[in-house]
Amino acid sequence: MTKATLNQAAIFVILVLVQVLIFSHINFMGYINPYIYILFIILFPANNNRTLFVFLAFLLGLSVDVFSDSGGVHAAACVTLAYIRPVFLKFSFGTVYDYQSIKFNQIDFNSKFIYFTALILIHHFIMYSLEIFNISNILLILQKTLFSGIFTILLSLIITILFSQKRK
Amino acid sequence: MQQIINFVLRNKTFLVFLLLFGLSLFFTIQSHSYHKSKFINSSNFVTGTVYQTANGIGQYFNLTKENKALLEENRMLKSIVHNLDVDTSKTILKDSLKLNPHFKFRTADVYKNSYSQSTNYLTINKGKKDSIKIDHGVITSQGIVGIVENTSQNFSSVLSILNTRSRINAQLKKTNHIGSLVWNTESAEFAQLIDISKFAPVAIGDTIITGGQSTIFPKGILIGTVNSFKIDSGGDSYIVTVKLFNDMTNIGHVYVIENLQASEIKSLQKPKDD
């Protein structure tokens, strides 16, 4: 058990608890909730064991599912997100990622914003598609994805800025 | 053989992804089908305890409102009791064991309530230990809330009426035209009453109550009032938008109803194959 492992485990538990106890009950304008627990997937160290990462994402999604009685929609969205993350790392950070030396508290704001937006919108789209589970309600799915997505992006950026450790 | 093992090792991330994604899809599809005992629900020990702790802190903020609701309910019950024509002092007290009641009421606290998804559930703090079983009805003093769907030792999860899978037998208060109460996910304030015959004299402001046809709710539990209505596309029944009496976004204490004759009615209705 290294310090980094313990650190990740603590982040996992804290994010799930904060999500199910606070952020799932905001219900802004009736239905808009931010899903900030996916920060765990977004900010997971890039030089990782990918199989383990996908499995951890599944556990993360499933824990949120158990608390919110939603079957497996969060788990499905999280697993997909973890599996396709490398594509977006390369897309957003280019050469920095190729050396596997990326540090999330040292990247510039623009690429961070693009990276966050892409991952969060994909996660929300998969989640709402499975939750509503009806292709004729595609407009409702897109609407929920957009509004909740904006909320999540704003909160995630604020949280990462507030909690970033300035190590030089 | 070597090649197969190599293939599996090379693609292990993809295979793990497929496996886990399939598993989550299975859970999702299972959660969309009615009445199957599920592994993934919030009536288990861990989630129950977490919600219990959070509720222990949160419930103090609602005490004034809860007190008012209880007072209002007491006032209503008292006005019924004191307006009864029977002189209560002269009636012979019957042995309550011989009264043979049809319904048994239990109280419970709501630990978790959601209303923003399309499939909403509540978690309450009574379970198998308190004789709560699947298919017991859940109401508040204002109106219906839902049906118990999963139970554990100490907790139960309740299928809210704000759930696309919920379908509750309901009727107009003034006539006996029955329909089904469903929800179209649009607003937590309104539910829809469908399959009401177009011969029914529906008018805006009419009261909707539960019908006595299900074995879950007693007849006459309040649901809401008619907000608007239109003929459905088939042309032979109304779709009525019902404004719920209950504020589904704010539920603290509930009553769980057990129908003591449910099994008897069900066994009678079951088709006998000879």
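Coordinate-derived values only; no laboratory data. Just so you know, these numbers come straight off a predicted model, no measurement behind them. Note that we place each Cβ from the backbone using ideal geometry, even for glycine, and neighbour counts take in every protein chain shown.
Sort B:189, B:149 by Cβ crowding within 10 Å, fewest neighbours at the top.
B:189, B:149
Which ordering of B:61, A:67, A:23 is given by a fewest-first count of other beta-carbon atoms within 10 Å?
B:61, A:23, A:67
When all alpha-carbon pairs of the protein assembly as shown are counted, what percent fall beyond 43 Å?
So the pairs more than 43 Å apart make up 24 percent of the total in the protein assembly as shown.
Can you compute the charge dipole magnitude of region A:3-163 about its Cα centre, using +1 on each Lys and Arg Cβ and -1 on each Asp and Glu Cβ, nothing else charged? Give it in debye, rounded to the nearest 20.
320
If you count, for every residue in A:15-23, the Cβ atoms of partner chains within 10 Å of its Cβ, what is the mean?
Across the residues of A:15-23, the mean count of other-chain Cβ atoms within 10 Å is 2.
Just list whichever of B:198/B:266; B:126/B:243; B:78/B:129; B:104/B:266; B:173/B:243 have alpha carbons separated by over 25 Å in the model shown.
Check vs 25 Å cut-off fails for B:198/B:266; B:126/B:243; B:78/B:129.
With the contact rule set at Cα under 8 Å and sequence spacing of 6 or more, what percent relative contact order holds for chain B?
Contact order relative to length: 17 percent.
Only helical DSSP H runs with n ≥ 4 go in: add -39500 (n - 2.57) per run for the protein assembly as shown, normalise by residue count and round the 222 nm mean residue ellipticity to 500 deg cm²/dmol.
Only helices count here, giving -14000 deg cm²/dmol.
Starting from a Cα-only point model with no solvent, please compute log10 I(q)/I(0) by Debye for region A:3-163 at q = 0.15, 0.17, 0.18, 0.20 1/Å.
Result of the Debye calculation: -0.80, -1.04, -1.17, -1.45.
Can you give me the relative contact order of region B:164-240 as a percent, contacts being Cα pairs under 8 Å and 6 or more apart?
With pairs under 8 Å counted, the relative contact order is 28 percent.
Quick check: the distance between the Cα centres of region B:216-274 and region B:122-171, to the nearest angstrom?
The two parts, judged by their Cα centres, are 13 Å apart.
Please give the Cα centre distance for region A:111-168 versus region A:25-73, rounded to the nearest Å.
11
Taking neighbour counts of Cβ atoms within 10 Å as a proxy for exposure, in what order, fewest first, do A:128, A:83 appear?
The fewest-first ordering by Cβ neighbours comes to A:83, A:128.
Checking understanding here: applying a Kyte-Doolittle mean of at least -1.0 and a length along the axis of at least 15 Å (C-alpha), which whole DSSP H helices in chain B pass?
Span-like helices, by this rule, are B:12-32, B:45-58, B:63-82.
At a threshold of 8 angstrom on Cα-Cα distance, excluding pairs fewer than six apart, so keeping six or more, what relative contact order does chain A reach in percent?
23
Could you tell me how many degrees, from 0 to 90 and to the nearest 10, lie between the Cα long axis of helix A:50-68 and the main elongation axis, the longest principal axis, of the Cα atoms of chain A?
40
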